[in-house]
Amino acid sequence: MDHDEQLQFVERFYNDLWNRFDKTVFAEILHPDICLRGSLGQIKAGFAEFGDYIDYVQAFAPDFHNEVLATITEGDQTFARLSYTGTHQGEIFGIAPTGKRFEYVGAATFTFADGLIRDVWVLGDIHGLTRQLANDTT
């Protein structure tokens, strides 16, 4: 895959899969052996587990939105710097729903194989997120 193709897959990963919670695109952009290390502390393998993670995030914040701020591609990998926003509607990290809007930042690396996304490793500012939800200003 060339640089532009990888960026198109990353764009679809966020715009179609995450911002629309559209699991019908799995086979179009994800390798069947997809491995996800999510920013919310979970590791998922394969379409079924990945789908469970999407459901988990959607229950936490039905309006969860990802914005890609920057990308870098080298070889079979792409790095993305991200911003996440949403409204806290479901329990997460033991914090009951607060209805609060949140915004936090993160980064992801994507590894491609066989023309599809094979591995995703996402790191997010979970400390910043939980502080917002718990209303801790320290």
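Cβ separations smaller than 8 Å between residues 6+ apart or across chains give the following pairs from the stretch 67-81 residues that are touching a residue at least 24 places away in the same chain (Cβ under 8 Å) to residues that are in a loop (DSSP other than H, G, I, E, B): ASP76/MET1. Within the stretch 20-62, the set of residues being of a type outside the set (A, V, I, L, M), in a loop (DSSP other than H, G, I, E, B) and surrounded by fewer than 16 Cβ atoms within 10 Å (Cβ to Cβ) comprises ARG20, PHE21, ASP22, GLY41, GLN42, PRO62. Could you tell me which residue of the stretch 1-11 is surrounded by the fewest Cβ atoms within 10 Å (Cβ to Cβ), considering only residues that are in a helix (DSSP H, G or I) and more than 12 Å from the chain's Cα centre (by Cα)? Residue satisfying both the conditions and the ranking: ASP4. Taken together, ARG118, ARG101 contain a single residue that is loosely packed, with under 13 Cβ neighbours inside 10 Å, at pLDDT 95 or above and basic (Lys, Arg), which is ARG101. Pairing residues of the stretch 46-62 that are farther than 12 Å from ILE92 by Cβ with residues that are assigned to a helix (DSSP H, G or I) and among the aromatic types (Phe, Trp, Tyr), at Cβ distances under 6 Å and at least 6 apart in sequence or on separate chains, gives PHE47/PHE26.
The values are calculated or read from the model by the stated rules, or taken from the named source; none is laboratory data. The structure presented is a predicted model; accordingly, all values stated were derived computationally and were not measured. Please note: Cβ atoms are built from the backbone with ideal geometry, for glycine as well, and neighbour counts cover all protein chains shown.
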